[in-house]
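These notes concern the structure reproduced below.
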Amino acid sequence: MKILKPGFLILILLPLILINCNEFEDGPYLSLRSKESRACKQWSYEYIMDLETGQLYTSMYEGWILDLNNNGEYTKTIVYLDSLSTEKGTWEFDGRSHIRFHYNDYMTKFKILRLSNDEFWLQSNQEEIHLKIF
């Protein structure tokens, strides 16, 4: 009976390990950067999809920026009818695949679908938000 070489065992086990590295539904499957370092950036809104109707909203969110910093604070810049306003609050990861935003006495929780170096996708019960690096 032949004994399997260590290199062959690694080739067999590596795909199984990589499958379990995926934290988020839509990836990335493997990242050497922590989710904190991937999240703490300025993000622009690519589109928001209404999950009930499937309607995509893009131009309505043009110019909106979500800035997550590494001390747990966020600033959302909102552009509406040529008027600029900001929302400031705190954010935190909730478990492996959720994020919470706190603004005044209001808390919103999202499932993280994707968090890569240049894409951040979030989902609530009503909507899916696609952000891209600013």
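Couple of notes before you dig in:
- The lone exception for Gly95 - which of (1) small (Gly, Ala, Ser); (2) surrounded by 15 or more Cβ atoms within 10 Å (Cβ to Cβ); (3) within 14 Å of the chain's Cα centre (by Cα) it fails: (2)
- Residue in segment 78-126 that is nearest to Asp50 (Cα to Cα), counting only those that are out of contact with any helix residue (DSSP H, G or I) (no Cβ under 8 Å at 6 or more places or on another chain) and small (Gly, Ala, Ser): Ser124
- Residues that are in a loop (DSSP other than H, G, I, E, B) and at pLDDT 95 or above, drawn from segment 63-94: Gly63, Trp64, Asn69, Asn70, Asn71, Gly72, Asp94
- Any hit, segment 100-122, residues being touching a residue at least 60 places away in the same chain (Cβ under 8 Å), over 14 Å from the mean Cα position of the chain (by Cα) and assigned to a strand (DSSP E or B): no
- Any chance Ile129 is touching a residue at least 40 places away in the same chain (Cβ under 8 Å), in a strand (DSSP E or B), among the β-branched types (Val, Ile, Thr) and farther than 16 Å from Ser31 by Cβ: yes
- For segment 18-29, the count of residues that are closer than 19 Å to His130 by Cα, at pLDDT 95 or above and either part of a strand (DSSP E or B) or under 12 Å from the mean Cα position of the chain (by Cα) (or both) is zero.
- In segment 76-92, of all residues being hydrophobic (A, V, I, L, M, F, W, C) and more than 18 Å from Lys41 (Cα to Cα), the one that is surrounded by the most Cβ atoms within 10 Å (Cβ to Cβ) corresponds to Val79.
- Filtered by the rule that a residue be on the phi > 0 side of the Ramachandran plot and acidic (Asp, Glu), segment 68-124 gives a lone residue, Asp82.
The values are calculated or read from the model by the stated rules, or taken from the named source; none is laboratory data. On a predicted model such as this, the values are computed, not experimentally measured, just so you know. Reconstructed Cβ throughout: ideal geometry from the backbone, glycine too, with neighbour counts over all protein chains shown.
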